[in-house]
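Here the structure is laid out as structure tokens; the discussion comes afterwards.
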Amino acid sequence: MLVNGKWSADWQPVQAKDEKGGFVRQLSTFRNWVTPDGSPGPTGEGGFHAEPGRYHLYVALICPWASRTLIARKLKRLEDAISVSVVEPYLGDQGWQFGDYPGSDRDELNGANYLHEIYSKADPTITGRATVPVLWDKQRQTIVSNESSDIVRMLNSGFGRLADDTYDLYPEALRPDVDALNDRIYPRLNNGVYRTGFATTQEAYEEAFREVFATLGELEQMLEGRTFLLGKRVTETDVRLFVTTARFDAAYHGLFKCNLRRLADYSNLSAHLERMLALPGVGGTVNIDHIKRGYYSMRSLNPNGIVPVGPDLPFARLLG
């Protein structure tokens, strides 16, 4: 992690633990917003005006949080307005790094070798972890936000006329339902698989494990007869579910010991995953090679670094 702007220790997946030995995720440190007129958003300071070519996303294809932002960028057709750099899938001693692994990029924008250098450039005294995604402001040479949920909403509505309005991921009429479902899915499933995989006691593991599969069961029932979670319209909650289900059988089932059932054993959740992949550009945000090589590079969970050949994923045919 970074201490006073300097890298001070090898990267470790477990950020903090609670009294039961459960995984506790670090809070995001940059919480500004891009808005159509540059006024302040719900958090942070103002001055981040929506302009074509001004902003840049740093992402990892293994990371579900970063993938949320890539999907929103695709659905809002902001590819020409916001450039992207993809880090390598491997998590080394200095965390995320740039390079030449297939599907990854060098940092042509800032010339960094490691993502933590981007954080130090934004704040030379920062203490904390260097996480993805990062929304970077080329004009002010700083990080706008490293909170994926905020970035998704910025991409949905903060870029005004620069964005396509075919998809509204946070429609006003559904906002209470979206917020309520997000609050259920995030701790029990999105972060629940991490709480399972990074648990350091049997008690913490079993508690998280039960919540993961209880939630999958609830969502399987909820999707009966529905196209998306809240009806016929795709929302950010569908994106949140998708980034976890797309990684479930390839990584969480094996490495994270979420092995009661496979995602493929749930017919409605599998159908939802395929419907998400059918949306414009979404398949191109899923890279199974990066996902497997990234997760299985975590030495604390997989000391020998062996990447499994399988599984045979039914939805792989739909990937772009």
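Regarding Thr237, is this residue touching a helix residue (DSSP H, G or I) at 6+ places or on another chain (Cβ under 6 Å), modelled with pLDDT of 95 or more and closer than 24 Å to Ala173 by Cα?
yes
Can you find a residue in the stretch 254-268 that is open to solvent by less than 60 Å² (accessible area, probe 1.4 Å) and within 22 Å of Ser149 (Cα to Cα)?
Within the stretch 254-268 (the criterion being open to solvent by less than 60 Å² (accessible area, probe 1.4 Å) and within 22 Å of Ser149 (Cα to Cα)), the answer is no, since none of the residues qualifies.
Let's see how each residue does on (1) aromatic (Phe, Trp, Tyr); (2) more than 20 Å from Trp65 (Cβ to Cβ); (3) in a helix (DSSP H, G or I):
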position	(1), (2), (3)
Phe213	yes, yes, yes
Glu224	no, yes, no
Thr245	no, no, yes
Gly254	no, yes, no
Arg261	no, yes, no
Leu273	no, no, yes
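Taking the stretch 189-221, which residues are within 21 Å of Leu174 (Cα to Cα) and either without any contact (Cβ under 8 Å) to a residue 24 or more places away in the chain or open to solvent by 50 Å² or more (accessible area, probe 1.4 Å) (or both)?
Glu218, Gln221
Kindly evaluate Gly283 against the criterion of being in a helix (DSSP H, G or I), more than 29 Å from Arg175 (Cα to Cα) and at pLDDT 95 or above.
no
Going through the stretch 174-197 one residue at a time, which ones are closer than 13 Å to Tyr252 by Cβ and within 17 Å of the chain's Cα centre (by Cα)?
The answer is Leu189, Asn190, Asn191, Gly192, Val193, Tyr194, Arg195, Gly197.
Name every residue in the stretch 279-320 that is open to solvent by 50 Å² or more (accessible area, probe 1.4 Å), touching a residue at least 60 places away in the same chain (Cβ under 8 Å) and polar (S, T, N, Q), in order of residue number.
Within the stretch 279-320, just Ser300 meets the criteria.
The values are calculated or read from the model by the stated rules, or taken from the named source; none is laboratory data. Model, not experiment: these values are computed from the prediction. All Cβ positions, glycine included, derive from the backbone under ideal geometry; neighbour counts span all protein chains shown. In case anyone asks, the SASA skips ligands and DNA or RNA and just uses the protein heavy atoms, side chains included. Shrake-Rupley method; radii C 1.70, N 1.55, O 1.52, S 1.80 Å.
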